[in-house]
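Asks: To start, I am sharing the structure in question, which I have written as structure tokens.
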Amino acid sequence: MTQALDSISFTQMDGRDATLADYAGSVVLIVNVASQCGLTPQYEALQTLYQDKRDQGLVVLAFPANNFGGQEPGTNDEIKDFCSTQFGVEFPLAQKVSVKGGDIHPLFAALIDAQPTATANQPSALLAKLNEHGLGPERATDVMWNFEKFLIDRSGQVVARFAPDIPPADARLLSAIEAALDA
């Protein structure tokens, strides 16, 4: 992994400090998540993806964030319990972070810098709805909403980014994951 990206620390849900270096050699799908979002059912598809691909080297790494409509108001313990009981989540969870604004977590700032544009549906009904309500991203590079996805290959390079309304089973995301796993 690149030094800058793999040295940025974050806290796992269990309170242990971690970096992406802990996942060196794996393909990592980083997702900002929320428990009270219309996209929250993606947890189930992320868990299925993780179960199907973890033996090939895929790690799904979720970062709860409360940046969008207050849709992740819970404590870290409440989030962990929700993910476990509602969706059987087994993939790693980090403690809550900010994914935009002045308090953006350094990992997300680096991810955005490495991959400023997300693959998105054209046209995007989600983006249109967000813009209609004045909730769209301020800059084109900003994380659009909950469940945006960043894909990191085995060498630690950010190779793709997917808008929130690209679900985990979307052929574009699966193709990118397969390519990273096969490389």
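The values are calculated or read from the model by the stated rules, or taken from the named source; none is laboratory data. All values reported here derive from a predicted model rather than from experimental measurement. Methodologically, a virtual Cβ is constructed for each residue, glycine included, from the backbone with ideal geometry; neighbour enumeration extends over all protein chains shown.
Asks: How many residues are more than 21 Å from THR48 (Cα to Cα) and either charged (D, E, K, R) or modelled with pLDDT under 95 (or both) if we restrict to the range 158-183?
Replies: Selection size over the range 158-183: 1.
Asks: Find the helices (runs of 4 or more DSSP H) located wholly in the range 55-145 whose residues include 2 or more that are among the aromatic types (Phe, Trp, Tyr) and more than 19 Å from ASP6 (Cβ to Cβ), and list them.
Replies: Values: elements: 76-87, 106-114, 125-132.
By residue number, 76-87.
Asks: For the range 128-153, how many residues meet the condition of being surrounded by 17 or more Cβ atoms within 10 Å (Cβ to Cβ) and more than 20 Å from GLY70 (Cβ to Cβ)?
Replies: 5
Asks: Here's something else I'd like to know. Give just the number: which of (1) of a type in the set (A, V, I, L, M, F, W, C); (2) touching a Lys or Arg at 6+ places or on another chain (Cβ under 6 Å); (3) farther than 20 Å from ALA45 by Cα does PHE150 not satisfy?
Replies: (3)
Conditions tested, residue by residue: (1) closer than 23 Å to LEU181 by Cβ; (2) of a type outside the set (Phe, Trp, Tyr); (3) surrounded by fewer than 18 Cβ atoms within 10 Å (Cβ to Cβ); (4) at pLDDT 95 or above.
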| site | (1), (2), (3), (4) |
| --- | --- |
| GLN3 | no, yes, yes, no |
| ALA45 | yes, yes, yes, yes |
| LYS53 | yes, yes, no, yes |
| CYS83 | no, yes, no, yes |
| LYS96 | no, yes, no, yes |
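Asks: A further question follows. Cβ-Cβ under 7 Å, sequence separation 6+ or interchain: first residue in the range 1-24 and within 14 Å of HIS105 (Cα to Cα) and among the β-branched types (Val, Ile, Thr), partner loosely packed, with under 15 Cβ neighbours inside 10 Å and modelled with pLDDT of 95 or more. Which pairs?
Replies: Within 7 Å, the pairs are ILE8/PRO106; THR11/ASP17; THR19/SER9.
Asks: Continuing with this model, one more query. When the range 41-65 is examined, which residues are found to be out of contact with any Pro (no Cβ under 8 Å at 6 or more places or on another chain) and in contact (Cβ under 8 Å) with a residue 40 or more places away in the chain?
Replies: TYR43, GLU44, GLN47, TYR50, LYS53, GLN56, GLY57, LEU58, PHE63, ALA65
Asks: Can I ask one more? Select from the range 163-172 the residues that are free of Cβ contacts under 8 Å to residues at least 40 places away in the same chain and surrounded by 16 or more Cβ atoms within 10 Å (Cβ to Cβ) and list them in ascending order.
Replies: Once the filter is applied, which keeps residues that are free of Cβ contacts under 8 Å to residues at least 40 places away in the same chain and surrounded by 16 or more Cβ atoms within 10 Å (Cβ to Cβ), the range 163-172 yields only ASP170.
Asks: Identify all residues within the range 117-139 that are within 16 Å of the chain's Cα centre (by Cα) and free of Cβ contacts under 8 Å to residues at least 40 places away in the same chain; write none if there are none.
Replies: none
Asks: Go through the range 1-19 and give me each residue that's more than 20 Å from ASP103 (Cβ to Cβ) and either touching an Asp or Glu at 6+ places or on another chain (Cβ under 8 Å) or of a type in the set (Lys, Arg) (or both).
Replies: Once the filter is applied, which keeps residues that are more than 20 Å from ASP103 (Cβ to Cβ) and either touching an Asp or Glu at 6+ places or on another chain (Cβ under 8 Å) or of a type in the set (Lys, Arg) (or both), the range 1-19 yields only ARG16.
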